[in-house]
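Asks: One structure, pasted below without further comment.
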Amino acid sequence: MTILNYITDYLPKFFKVHPLNGKVAELVFHTEQVDKKLFNQEQFSSTRERAALGIPYQVEDMEKREHALNVLELILCKHRQKEHEEDHTKRIELLKMETDFTDEEAAMIMQPEDWWNG
């Protein structure tokens, strides 16, 4: 599963929201890919804030939202560490410790080369 599949297909089912919410997330994802300046990491106060772009809609279950944000932030931190040589080691370890990943999420997290592919 790619991050695009995660935000467009998996999360709307996980949150039990209308599938069109996944299309909204997809639009944000593609906009981020096209306009790097608009979504540059420096535009955000934290990786957590930037991870929230993957869930650009309201959900009822805040625990599920926090779980999904942990997954998205972990992916973002690992990407920033690998591709931009930033040190997110402590945050990565904390997110791993406090999150029980589903099998699908764990498989996605273990395949970093596939994260950004649509």
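Coordinate-derived values only; no laboratory data. These numbers come from a predicted model, not from an experiment. Don't worry about glycine lacking a Cβ; one is built from the backbone with ideal geometry, like all the others, and counts go over all protein chains shown.
Asks: Name the residue, out of 59, 24, 34, whose mean-square fluctuation peaks in a Gaussian network model built on the chain with Cα pairs under 10 Å.
Replies: 34
Asks: Also, quick follow-up: Say R0 is 30 Å: what FRET efficiency, to the nearest 0.05, do residue 110 and residue 23 get from their beta-carbon distance?
Replies: Computed FRET efficiency for residue 110 and residue 23: 0.65.
Asks: Let me ask something else. Taking loop as defined by DSSP and a crowding limit of 12 other beta carbons within 10 Å, which trypsin sites (Lys or Arg not before Pro) in the range 20-92 fit?
Replies: Details: sites: 23, 36, 37, 48, 50, 64, 65, 78, 80, 82, 90, 91; in loops: 36, 37.
Those that pass, being in a loop and sparsely packed, are 36, 37.
Asks: What lysines sit close enough to residue 16 to cross-link, taking a C-alpha to C-alpha distance under 26 Å and skipping anything fewer than 8 places away on the same chain?
Replies: 64, 96
Asks: In whole percent, what relative contact order does the chain give with Cα contacts below 8 Å and a gap of six or more residues? Please list the in-between numbers first.
Replies: Numbers: 110 pairs, mean separation 40.3, N = 118.
That works out to 34 percent.
Asks: Just tell me the longest site-free run in the chain, where the sites are GluC sites (Glu not before Pro) in a DSSP loop having at most 14 other beta-carbon atoms within 10 Å.
Replies: Answer - 1-59.
Asks: Once both labels are modelled 7 Å past Cα along the beta-carbon direction, what's the residue 81-residue 46 spacing in nm?
Replies: 1.8 nm
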